[in-house]
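First up is the structure itself, then whatever we jot down about it.
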Amino acid sequence: MNQLKKGSKKLLNAWAFYDWANSVYTLTIASSIFPIFYSALFLSEIKNVQAFGMEFKSTALITFVTAFTFLVVAFMSPILSGIADYVGNKKSFLKFFCYVGSAGCIGLYWFDISPDRIHLSLLFYFMGLIGYWGSLVFYNSYLPDIAFEEQQDAISAKGFSMGYIGSVLLLILNLAMTMYPDVFSLKDRLAENGEVIETAAQVAMRYSFVTVGIWWALFSQYSFYYLPKGTSSGHKVTRAVIFNGLKELRLVWKQLKQDLRLKRYLYAFFVFSMAVQTIMLIAVYFGEEEIAWGGDSEKTMGLIVSILVIQIVAVFGAILTSRASKKYGNIKTLIAVNGIWMCLCFYAYFMKTPIQFYIAASVVGLVMGGIQALARSTYSKFLPETDDTTSYFSFYDVAEKIGIVIGMIIFATIDQITGSMRNAILFLFIFFLFGIVLLFRVPKEETTKTES
C-alpha cells in the first residue's frame, strides 16, 4: 500500500479512528463499569482491603495503584520514544501497548479482592491502564505528522468525538447486559450450598471487561493499516539508544527555555491537566461513595446513566470548544473552560443527591472533551518547526503523567487520612485556579525570549 499524503482525508480519519477503538477503555474500565464493580466487591460497612502487606481504604488503594501506573508510564515513555525514533517505527509501539491494554481488560474478568488473588487482579488493572496511556504518547505524536496546523484543532476534536460515540455504543450494550442479564442468559454464580456468590449483574460486568478488550484490539486494525510506519535505521538497539529518549527530553527542555510561549503553556497544562485527569479517574468512585442513591440497583443505574450523559454531552462539548477556539483563540477558551472546572470542584463538595450529581455530570461532559482536545491541539500548534515530534509529545506526555501522579497521590492521601473524598476533591479547586493564572501568563504571539 502506498503511504497516504499528509493532510489526506483517509489518513486523518484513520488516525481519529483509534480514538473510537481505545476510548471504550476510559469509559467502561476507568470511568463506569469497573469502578461500580470494584465497589460492589466490598460490603457496605467494610471498605478496607489487605494488599502489599498493608490495610487500605478501598478507594485509596485503587487510587494509589493508578498513581503508580502513571509513574511507570512517565518513566517508560521517553525511553520507548527514544527507541521508536531510532528504529523509525512508532506504529509497532502503538500496537504493543494496544495489545497489552486489551489483554489487561480481558484479564479483569477474573478480578478478585481475596488475599491470594488481589495482586494478580491489580496486575490486570495495571496492564489495562498502562496499555491505554502508553499508547497515547505514540498516538498523539502522529498528529503533526498526519495533519497540517490548520487541520489539527478539528481533527483532534473529531478524534475525541468519535471516541465518545464509539464508547457510548459499547456502554449501552454493557448497560443492557448489567441491567437485564437474563436476556443475555447470564445467571447468578452459586456456591455448592446454593448461596449466591455473585449476582448476574456482577457476572455481566465481568463480561463487559472482555468486550472492551476485544473492541479495542479489533477496531484498532483500521488505524494500524493506514498510519505510516516510518523508516527503520536497520541498526541494533544499544544501551545508548535505550536512554536516548531521556537525553532527548533534556534537549527538549533546553529548547523550551528559548520558547517562552510553549514553556509557559506547559506549566499551565501541567497544573490543570493534573486536576482534570484526577477528577475523571475518581468521579465514579466519588459518586458511589458520597451520593445518597437509595439502594444498590438505583446506585448502579444512576452511575452508569451519569457516565452515559457525560459521554453524550462531551461529543457536543468537544465541537463547541473547537469552534470557540477559532473565534476567541485557544488560550482564552482554555481559561474559560478551566473556570468552569473550578466551579465544579466547589459544587461537588456540597453534592449529596442524585439530581445534583446528574447536573454535575452534564457540565463535566460539556468541558471534559473540550479541554482534552484543545490542550492537545494547542500544544501541537505551539511546537517549533521540527521533524522530531515524538520527543516533544513524549515531553508533553511525561508532564501530563507526572501531574496525574501528584494529583492522584494528593487525592488518595487526603481520602485515606480524612476518610472523605469530598475534602480531596475540594482541594483540586486550587489547581484549576493556579492553572488559570498560568494561562494568563502565556504570551499571545510566538517568542523566543527567555525568562530572567
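The values are calculated or read from the model by the stated rules, or taken from the named source; none is laboratory data. Quick caveat: nothing in here was measured; it's all calculated off a predicted structure. Every residue, glycine among them, receives a Cβ derived from its backbone with ideal geometry; neighbour counts consider all protein chains shown. Note: areas computed on protein heavy atoms with side chains; ligands, DNA, RNA excluded. Shrake-Rupley method; radii C 1.70, N 1.55, O 1.52, S 1.80 Å.
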Filter region 256-266 down to residues that are modelled with pLDDT under 80 and in a helix (DSSP H, G or I), then give me how many there are. 1
Which pairs turn up if I take residues in region 433-444 that are more than 12 Å from residue 273 (Cβ to Cβ) and open to solvent by less than 20 Å² (accessible area, probe 1.4 Å) and look for partners that are in a helix (DSSP H, G or I) and basic (Lys, Arg) with beta carbon separation below 8 Å, at least 6 apart in sequence or on another chain? 442/261; 442/264
Could you grab the pairs with beta carbons closer than 8 Å, sequence gap of 6+ or different chains, first residue in region 365-387 and more than 18 Å from residue 26 (Cα to Cα), second one modelled with pLDDT of 80 or more and outside any helix (DSSP H, G or I)? 382/259; 384/259
Kindly indicate whether any position in region 192-206 is at pLDDT 90 or above and of a type in the set (D, E, K, R). yes
Condition check: modelled with pLDDT of 80 or more, aromatic (Phe, Trp, Tyr) and either farther than 30 Å from residue 406 by Cα or outside any helix (DSSP H, G or I) (or both). Does residue 272 satisfy that? no
Scan 167, 77 and give me the residue that is buried (at least 24 other Cβ atoms within 10 Å of the Cβ), touching a residue at least 24 places away in the same chain (Cβ under 8 Å) and out of contact with any Lys or Arg (no Cβ under 9 Å at 6 or more places or on another chain). 167
Subset of region 323-359 (residues that are over 20 Å from residue 308 (Cα atoms) and aromatic (Phe, Trp, Tyr)): 328, 346, 347, 349, 350
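Filter region 1-47 for residues that are of a type outside the set (D, E, K, R) and surrounded by fewer than 13 Cβ atoms within 10 Å (Cβ to Cβ); which is modelled with the highest pLDDT? Walk me through how you get there before you give the answer.
Start the filter on region 1-47 by keeping residues that are of a type outside the set (D, E, K, R), which leaves 1-4, 7-8, 11-18, 20-44, 46.
Checking which are surrounded by fewer than 13 Cβ atoms within 10 Å (Cβ to Cβ) leaves us with 1-3, 43-44, 46.
Numbers: 1: 55, 2: 62, 3: 76, 43: 62, 44: 58, 46: 58.
Only one residue tops the list, namely 3.
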Quick one: residue 238 ticks every box in (1) at pLDDT below 80; (2) surrounded by 20 or more Cβ atoms within 10 Å (Cβ to Cβ); (3) of a type outside the set (A, V, I, L, M) bar one, so which box is it? (2)
Restricting attention to region 290-301, and to residues there that are in contact (Cβ under 8 Å) with a residue 60 or more places away in the chain and open to solvent by less than 40 Å² (accessible area, probe 1.4 Å), which single residue is nearest to residue 361 (Cα to Cα)? 291
Would you check if there is a residue in region 120-132 being under 24 Å from residue 313 (Cβ atoms) and modelled with pLDDT of 85 or more? yes
Within region 313-323, take every residue that is open to solvent by 30 Å² or more (accessible area, probe 1.4 Å) and in contact with a Leu (Cβ under 9 Å, 6 or more places away or on another chain) and give me the one that is farthest from residue 19 (Cα to Cα). 320
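One line per residue, one yes/no per condition, for (1) of a type in the set (Asp, Glu); (2) closer than 28 Å to residue 38 by Cβ; (3) crowded, with 22+ Cβ neighbours inside 10 Å:
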| residue | (1), (2), (3) |
| --- | --- |
| 96 | no, yes, no |
| 104 | no, yes, yes |
| 123 | no, yes, no |
| 138 | no, no, yes |
| 147 | no, no, yes |
Looking at 310, 304, 282, can you tell me which residue is open to solvent by 10 Å² or more (accessible area, probe 1.4 Å) and in contact (Cβ under 8 Å) with a residue 12 or more places away in the chain? 310
Taking region 25-68 as the search range and keeping residues that are of a type in the set (Phe, Trp, Tyr) and not in a loop (DSSP other than H, G, I, E, B), which one is farthest from residue 210 (Cα to Cα)? 56
Top-ranked residue of region 346-404 - restricted to ones that are among the aromatic types (Phe, Trp, Tyr) and over 25 Å from residue 69 (Cα atoms), ranked as surrounded by the fewest Cβ atoms within 10 Å (Cβ to Cβ): 350
Within region 306-421, which helices (runs of 4 or more DSSP H) (wholly inside it) include 1 or more residues that are aliphatic (A, V, I, L, M) and in contact with a Gly (Cβ under 8 Å, 6 or more places away or on another chain)? 330-349, 354-382
Output the number of the condition that residue 186 fails; it satisfies all remaining conditions of (1) at pLDDT 90 or above; (2) open to solvent by less than 30 Å² (accessible area, probe 1.4 Å); (3) in a helix (DSSP H, G or I). (3)
If you take the residues of region 48-84 that are modelled with pLDDT of 80 or more, polar (S, T, N, Q) and within 16 Å of the chain's Cα centre (by Cα), which of them is nearest to residue 229 (Cα to Cα)? 69
Filtered residues of region 207-224 (kept if in contact with a Phe, Trp or Tyr (Cβ under 8 Å, 6 or more places away or on another chain) and either open to solvent by 20 Å² or more (accessible area, probe 1.4 Å) or without any contact (Cβ under 8 Å) to a residue 40 or more places away in the chain (or both)): 207, 210, 217, 219, 222
Going through region 106-119 one residue at a time, which ones are surrounded by 18 or more Cβ atoms within 10 Å (Cβ to Cβ) and outside any helix (DSSP H, G or I)? 111
